[in-house]
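What follows is a single structure, written as structure tokens, with notes after it.
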Amino acid sequence: MTRPSGSRDTSAAAVLDRLDRLAVELVAATNSAIGEVGAGELSFLQWRTLVVLGGADGPLRLHEIAERVGASMPSASRLVERMHRRGLVASERDPGDGRARLITLTEQGELVRSRVVARRRSIIEDGIRGVPTSVGLADELDRILEGLLRPK
């Protein structure tokens with residue numbers, strides 16, 4: 001089917017294609033920001049761990065980190081240990097359960113996280129400069145986010 005000249009494809013498939021392209025470009029912006037702030041040695045899972053810990057209300061147990069970043073327990077354990085050696089996270093025994101460890105961001109980890117977020121936001125701001133924004137657009141983006149955050 002041919003679309004009239006100047007019209008845009010707003011089908012569900014076209015919207016999904018655009019969102020997928022947007023996701024890829026946002027990951028690229030994050031990778032650029034990581035490199036630009038001198039944190040280029042961060043792996044994707046290490047970055048996700050910084051984000052998860054930075055958004056937590058308090059310390060997280062290892063299994064919570066594993067669930068939130070999509071890693072197995074052994075992988076999450078190695079991940080946290082590498083980050084601990086680099087000074088990005090602190091790990092201490094859970095006083096309520098001596099077998100469990102509580103993981104938090106260190107000042108260094110929070111500094112890296114906040115610098116990457118600030119640089120990424122700057123990259124994104126440059127990318128959307130001149131794009132008209134509205135409450136409607138923000139509301140639609142919120143609806144998409146809510147849908148993605150719903151338990152599966």
Original post:
Which numbered condition trips up residue 23, out of (1) small (Gly, Ala, Ser); (2) in contact (Cβ under 8 Å) with a residue 12 or more places away in the chain; (3) more than 20 Å from residue 103 (Cβ to Cβ); (4) out of contact with any helix residue (DSSP H, G or I) (no Cβ under 7 Å at 6 or more places or on another chain)?
Top reply: (2)
Original post:
Does residue 40 meet the test of being of a type outside the set (Phe, Trp, Tyr), within 29 Å of residue 127 (Cα to Cα) and touching a Gly at 6+ places or on another chain (Cβ under 8 Å)?
Top reply: no
Original post:
Is there a residue in the range 112-129 that is more than 24 Å from residue 41 (Cα to Cα), of a type in the set (A, V, I, L, M) and either under 17 Å from the mean Cα position of the chain (by Cα) or not in a helix (DSSP H, G or I) (or both)?
Top reply: no
Original post:
What helices (runs of 4 or more DSSP H) completely inside the range 1-94 contain at least 2 residues that are of a type in the set (Gly, Ala, Ser) and exposed (fewer than 14 other Cβ atoms within 10 Å of the Cβ)?
Top reply: 12-36
Original post:
Taking residue 50 and the conditions (1) under 17 Å from residue 112 (Cβ atoms); (2) of a type outside the set (D, E, K, R); (3) at pLDDT below 95, which numbered condition does it fall short on, given that it satisfies the others?
Top reply: (3)
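The values are calculated or read from the model by the stated rules, or taken from the named source; none is laboratory data. Nothing here was measured: the structure is a model prediction, and the numbers come from that model. Cβ: placed from backbone, ideal geometry, glycine included. Neighbour counts: every protein chain shown.
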